[in-house]
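The values are calculated or read from the model by the stated rules, or taken from the named source; none is laboratory data. Note that the coordinates shown come from a computational prediction; the quantities given were computed from them, not determined experimentally. So basically every Cβ, Gly included, is an ideal-geometry build from the backbone, and we count neighbours across all protein chains shown.
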Protein chains: 4
Amino acid sequence: MVKKDKPKYKQIVDAAVIVIAENGYHQAQVSKIAKQAGVADGTIYLYFKNKEDILISVFQEKMGMFVEKLEHILTQEVSASEKLRLMIESHFGLLSGDLHLAIVTQLELRQSNHEIRMKINGVLREYLLQMDKILVKGMEDGEFDKDMDIRLARQMVFGTMDETITTWVMNDHKYDLVDLAPKVHRLLMKGMRA
Amino acid sequence: MVKKDKPKYKQIVDAAVIVIAENGYHQAQVSKIAKQAGVADGTIYLYFKNKEDILISVFQEKMGMFVEKLEHILTQEVSASEKLRLMIESHFGLLSGDLHLAIVTQLELRQSNHEIRMKINGVLREYLLQMDKILVKGMEDGEFDKDMDIRLARQMVFGTMDETITTWVMNDHKYDLVDLAPKVHRLLMKGMRA
Amino acid sequence: MVKKDKPKYKQIVDAAVIVIAENGYHQAQVSKIAKQAGVADGTIYLYFKNKEDILISVFQEKMGMFVEKLEHILTQEVSASEKLRLMIESHFGLLSGDLHLAIVTQLELRQSNHEIRMKINGVLREYLLQMDKILVKGMEDGEFDKDMDIRLARQMVFGTMDETITTWVMNDHKYDLVDLAPKVHRLLMKGMRA
Amino acid sequence: MVKKDKPKYKQIVDAAVIVIAENGYHQAQVSKIAKQAGVADGTIYLYFKNKEDILISVFQEKMGMFVEKLEHILTQEVSASEKLRLMIESHFGLLSGDLHLAIVTQLELRQSNHEIRMKINGVLREYLLQMDKILVKGMEDGEFDKDMDIRLARQMVFGTMDETITTWVMNDHKYDLVDLAPKVHRLLMKGMRA
DNA sequence: AATGAATGAGCTTTCATTCAT
DNA sequence: TATGAATGAAAGCTCATTCAT
């Protein structure tokens, strides 16, 4: 049984999300995370190399949920456009359902230093690669414009989603994020349609 | 002559950009900025209230250039689509021409704490308001889809640009950013066209 | 076991007395106190909220000895005049026995800022209240002048003692302070006698 | 014409008293004193060696008034007891008439460092020497107890006065200080009477 | 495995003093 | 004489990490 499977590992990761969301990135001290997790400060270091390792693990563990959902969507027998819609909806849905997580990924974790952000980007890459598969499929099937620059298209899709979520978080979740999914989908589709 | 017009004010702001770009946000100590600016540590405090004030001033001073360019574009007698193209080109151009600034705005300044980012967002808002004017104009003139949600459209435009620039910065400016402007414009236009 | 009972608490308070006495109030840096106490700088902050808290604690801990002695004297079955004598003798004796403490209370701690001195005065008040009990008892028993203004009498007693001790400290303890107690007692008694 | 006679010298000393009284010793920066005096920071250093020199000068200039009054009292053809009464009354009167000065001498200046306080004590000595003359005269004339220890008596007189004034200042001058003079005189006289 | 007391490096800001004008 | 912009040394406090128990 590896460390990641032990109950305290997840306990600490979840505690980190809560502490960061409630206190902000710069006020999320290791001792606070330990207290929230119900363990001693020193115990943290039996499961994580250092504080940075906790933060990256938070992103890995949680991003994993997004990748899994996306992989599931990819196996479905529907059009690329529909897959895109499902992805947006699922992405918005996951964050709507965990406000702490939304705050952490959209606002707080972006305050981390260069090195951590680079490692986070490594984790994010996997998600973007899956996203690319939808775009490629759509172009092959003639649903999306064959002349699209894949990278630009991906940046538009991800940039639009990201900007939409961040605005929603910064407006204190005043409106329903998932309700926006169809509109965002339609807007993006118009841009990419063949 | 107010403080902002004195040569040392700009000297320190420019030094801050260089130091933050080269050392990262968290390694940009006041003493480093002072040294780069060629003044004593204490001199900084004759021109800025505190460190936070330096960082916000960096954003204000530099963002000012973007707003000015955009205001100039808005006065031109061209179509909304053409204005959008000019905006993207000008935005990409300014950052291409100052790699330090690009690093600072796209990566480093986002690591600042909540309070500073809120103030930065205040400055950014002005830019987004100008951007909205282009979108509204386009919708009124029948160039852009009259049924667009302005906020979503703005998020798509800004999100796409932002994501494109950040990717470029994180890839060490390996390719020419301005060259991407027409493609980004075309992609966004397709999405917004009437 | 509360913080005040832990050995390091007293260790740090005692170190503070020595450092302040030997270096002066304004040269008593936290790092010096930590070094003298044989702990790390950070350890100080496990036992004290901040530097101010150390200084107030010094006064509280040490003044506590004076109050205890005085309370003991008050329980004794002797005349008010004799209690006054015992108080003066005991007060002079405690400071004679700890020259560092004498310097700190008579000279250095008075250089502290307004806020600290106000808190110190709070501690001192308890001592003065006990002192008042002696004066009231003496007036009730007909030993002291019944028409005395209690506040003025207390100011004479405390002012004379304080001035006597301060002069002794500033003269580098050249003579024996306790030897002066009977004379001071006689002088004060003459002033207050019925 | 020496520096002390120039108008700016007194201007700065008076400014210092006001600034210290209104802001507290530790918030009385040189620049604040300069501003209050209506001169440039640098000008201060044309009249005073350093900040310490300003503070000592404040005490010298103001204490001079007390010594002059006392010298005048000494020339009068009255009993020692009456001289003592005049001294207390005049001392209380001068401070009652200049609340800023009272705050500065009784509270703020005592926060200065060891060195400054030593120099202040030098100035004070002159006053105490004059005070001794009254006590000696009283003992020679048989008004005061011939067996008194002069130093102790002086400490009682000065300590009582000082404690009385400080209490009055700390109680925000709620009552009239000069009104207390006769009572203080009577109390001290009882203690010293032959 | 778990604890938590102890460590100590690191940084912003103030302000007395100087000196070129 | 007078100015005031510039200087730069100095210190309290935090918190990630360790390690003896």
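Data table
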quantity	calculated
Test: residue in region A:151-162 that is of a type in the set (Ser, Thr, Tyr) and over 17 Å from B:Val184 (Cα atoms)	no
Qualifying residue in region C:71-84 (condition: over 22 Å from C:His185 (Cα atoms) and away from DNA strand E (no atom under 16 Å from the Cβ))	no
Residues of region D:35-47 satisfying the condition of being within 8 Å of DNA strand F (Cβ to nearest atom) and of a type outside the set (Val, Ile, Thr)	D:Gly38, D:Ala40, D:Asp41, D:Gly42, D:Tyr45, D:Leu46, D:Tyr47
Exclusive hit being touching a residue at least 60 places away in the same chain (Cβ under 8 Å) and more than 26 Å from C:Asp53 (Cα to Cα), set C:Leu95, C:Leu84	C:Leu84
Answer residue from region D:1-29, given it is surrounded by fewer than 17 Cβ atoms within 10 Å (Cβ to Cβ) and hydrophobic (A, V, I, L, M, F, W, C) and is farthest from DNA strand F (Cβ to nearest atom) among those	D:Val2
Residue match in region A:58-68 (condition: touching a residue at least 40 places away in the same chain (Cβ under 8 Å), closer than 25 Å to B:His26 by Cα, within 16 Å of DNA strand F (Cβ to nearest atom) and not acidic (Asp, Glu))	yes
Answer from A:Thr160, A:Thr166 - the residue that is surrounded by fewer than 20 Cβ atoms within 10 Å (Cβ to Cβ), within 10 Å of another protein chain (Cβ to nearest Cβ) and assigned to a helix (DSSP H, G or I)	A:Thr166
Residue within region B:129-136 that is modelled with pLDDT under 95 and closer than 26 Å to B:Val19 by Cα present	no
Yes/no for B:Asp176 being more than 13 Å from chain A (Cβ to nearest Cβ), modelled with pLDDT of 95 or more and more than 16 Å from the chain's Cα centre (by Cα)	yes
Condition broken by C:Val39, with the remaining ones in (1) touching a residue at least 60 places away in the same chain (Cβ under 8 Å); (2) not in a helix (DSSP H, G or I) satisfied	(1)
Checklist (1) of a type in the set (A, V, I, L, M, F, W, C); (2) within 14 Å of chain D (Cβ to nearest Cβ); (3) within 11 Å of DNA strand E (Cβ to nearest atom) applied to C:Ala40, failing item	(2)
Any hit, region C:42-57, residues being closer than 29 Å to C:Phe158 by Cβ and of a type in the set (Val, Ile, Thr)	yes
Subset tally (residues that are among the hydrophobic types (A, V, I, L, M, F, W, C) and more than 21 Å from D:Ala194 (Cα to Cα)) for region C:147-194	10
The one condition in (1) more than 16 Å from DNA strand E (Cβ to nearest atom); (2) under 22 Å from D:Arg117 (Cα atoms); (3) touching a Gly at 6+ places or on another chain (Cβ under 7 Å) that C:His114 fails to fulfil	(1)
Condition met for B:Met63 (under 21 Å from B:Val13 (Cβ atoms) and of a type in the set (A, V, I, L, M))	yes
Filter pass, C:Ser81 being more than 13 Å from DNA strand F (Cβ to nearest atom) and touching a Lys or Arg at 6+ places or on another chain (Cβ under 7 Å)	no
Conditions (1) among the aliphatic types (A, V, I, L, M); (2) within 24 Å of A:Arg193 (Cα to Cα); (3) out of contact with any helix residue (DSSP H, G or I) (no Cβ under 8 Å at 6 or more places or on another chain): number failed by B:Met118	(2)
Given (1) more than 10 Å from chain C (Cβ to nearest Cβ); (2) on the phi < 0 side of the Ramachandran plot, number of the condition D:Leu188 does not satisfy	(1)
Residues of region B:31-50 satisfying the condition of being closer than 23 Å to B:Asn121 by Cα and either crowded, with 16+ Cβ neighbours inside 10 Å or in contact with a Leu (Cβ under 6 Å, 6 or more places away or on another chain) (or both)	B:Tyr47, B:Phe48
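Residues are listed down the side, and each one gets a yes or a no for (1) away from every other protein chain (no Cβ under 14 Å); (2) farther than 24 Å from B:Arg110 by Cβ; (3) of a type in the set (A, V, I, L, M, F, W, C); (4) more than 12 Å from DNA strand E (Cβ to nearest atom):
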position: A:Ala21; (1), (2), (3), (4): no, no, yes, yes
position: A:Ala28; (1), (2), (3), (4): no, no, yes, yes
position: A:Ile44; (1), (2), (3), (4): yes, yes, yes, no
position: A:Asp53; (1), (2), (3), (4): yes, no, no, yes
